[in-house]
1. Which count do you get for residues in the stretch 174-195 that are crowded, with 18+ Cβ neighbours inside 10 Å and either of a type in the set (F, W, Y) or not in a helix (DSSP H, G or I) (or both)?
2. Filter the stretch 199-215 down to residues that are under 20 Å from T409 (Cβ atoms), without any contact (Cβ under 8 Å) to a residue 24 or more places away in the chain and not in a loop (DSSP other than H, G, I, E, B), then give me how many there are.
3. So if I check each of F334, F380, F390, which one is part of a strand (DSSP E or B), in contact with a Phe, Trp or Tyr (Cβ under 9 Å, 6 or more places away or on another chain) and at pLDDT 95 or above?
4. Counting only residues that are surrounded by fewer than 20 Cβ atoms within 10 Å (Cβ to Cβ), farther than 18 Å from F34 by Cβ and of a type in the set (A, V, I, L, M, F, W, C), how many does the stretch 132-166 have?
5. If you scan the stretch 343-356, which residues turn out to be over 17 Å from T224 (Cβ atoms) and surrounded by 24 or more Cβ atoms within 10 Å (Cβ to Cβ)?
6. For W315, state whether it is at pLDDT 95 or above, touching a helix residue (DSSP H, G or I) at 6+ places or on another chain (Cβ under 8 Å) and not assigned by TED's automatic domain parsing to the domain that holds T445.
7. Condition check: farther than 30 Å from A150 by Cα, surrounded by 23 or more Cβ atoms within 10 Å (Cβ to Cβ) and modelled with pLDDT of 95 or more. Does A267 satisfy that?
8. Considering each residue of the stretch 434-460, count those that are in a helix (DSSP H, G or I) and of a type in the set (A, V, I, L, M), and give that number.
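The values are calculated or read from the model by the stated rules, or taken from the named source; none is laboratory data. Quick caveat, the model's predicted, so the values are computed rather than measured. Here the Cβ positions follow ideal geometry from the backbone for every residue, glycine too, while neighbour counts run over all protein chains shown.
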Amino acid sequence: MVLCVVLGLTALCAANSFGAAPPAGADHPATSRFDAVRTLVQDKCMACHTRGFDLPFYAKIPGIKQIIEQDYVDGLRAMDLGDEFGHATLKKPVNEVTLAKMEWVMLNETMPPAKFTAIHWDSKVSAQQRKQILDWVAISRVAHYATGTASPDKSNEPVQPLPAKLETNPQKVALGQKLFNDVRLSGDNTVSCASCHALEKAGTDGLRFAEGVRKQVGDINAPTTLNAVFNIRQFWDGRAADLQEQAGGPPFNPIEMASKDWDEIIAKLRADKAFSDEFLAVYAGAGDLSGANITDAIAEYEKTLITPNSRFDKWLTGDNAAITKEEQDGYARFKAYRCASCHVGKTLGGQSFEFMDLKKDYFADRPGKGLGSDEGLKAFTGNAQDLHKFKVPNLRNIELTAPYLHDGTVTSLDDAVRIMGTYLSGMEVPDQDRALIVAFLRTLTGELHGKKVQGEAVSK
């Protein structure tokens, strides 16, 4: 089947399974029910959502051939299921983005589309099969991705409350905080991590493109560090596996911090005896001052930059008065327009890489010249099929983190919602619905270290 239960021509975005949570036990219902769902997906979906799958004999018939070939291209861009559903057994949990997309198409009965069933007569999904998939999605979500704090009536929402905190090493956190704000990590002692990720600006710099040493400017928007610990990978193009690897990138970027190597940085830090003594006390037995230990400390500090207790979190945990009727309607629209198919989980994003031009050519429509950063995931993987795929940004504190998108071209939430509808969901979002969705997005501003996240909220 070209366009399947999971996605297809009418939907959605491409997910991958980087960093999936560990599986539940073999006797868990999510695991025990997987085989039946996998069989259904393989029967109905895999032909056009898996590379190298054998197409049916009628795929060679003129007229039908062109339709199937285009369906195949669109199906793979929407979702490549080979990794998650192609194995003989369940190796790891299915990504929560995949679960959300499966849920959406089942609830809205958009798969398979009518033009597909006209050719593939046995491809329809029965009501019983839809229920089977939806039940498995719900069980899988609870087993692998729920934070355990949502109220029972909201436990199967595609988004979850943020945890209040993560376990960290306080001594490493204190050291990491100093390093995060230390300009000595830059070649000319003018730029720190905090220069582009200021906590008083919700972990951003408020600029289209970050400004590095000697006032140099790159070509990609600096994402927020708040809640970055929950991202599946780091950077827009996913080139860093985790916070520690990410922390080792900017110091040696010639535009950002422009240090030559760790030896240069370490020499400056070692000259500060008080700091050096503190560092060695924290990392006693773990070696001397080193790049690995420096980035480990920064990553430990960044694990504390989570922002729970938003009004939306309070609503998810059972306070139905925490958000207004208008904001609840906005959340309903957010799900209806497929936003929650990619903006899932604790941070409403950060769990997959998606095509910015899935439904329409964003880059052809965008004014101005192309940017080097437009390659997206392809810049990291080198794979042509990853061109224009970007890590989905998390939406926590989104009203405070403008400008938006990897290219920093969008300065209002209203415009961001419009663009996402047009280029990713393939649906025009009317003014009234955009206003409701924006109202909902403003409920996502939380607290950092017990105080409301700082920053300037966009007006529209």
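1. Residues in the stretch 174-195 being crowded, with 18+ Cβ neighbours inside 10 Å and either of a type in the set (F, W, Y) or not in a helix (DSSP H, G or I) (or both): 6 in total.
2. Looking only at that region, the number is 1.
3. None of the others qualify; the one that does is F390.
4. 2
5. Here is the first cut: in the stretch 343-356, the ones over 17 Å from T224 (Cβ atoms) are 344, 352-356.
Hits for the stretch 343-356 are V344, S352, F353, E354.
6. Details: at pLDDT 95 or above: yes; touching a helix residue (DSSP H, G or I) at 6+ places or on another chain (Cβ under 8 Å): yes; not assigned by TED's automatic domain parsing to the domain that holds T445: no.
In short, no.
7. no
8. At the first step, the residues of the stretch 434-460 found to be in a helix (DSSP H, G or I) are 434-444.
Right, trim to of a type in the set (A, V, I, L, M) and you get 435-439, 441, 444.
Adding up the residues that qualify gives 7.
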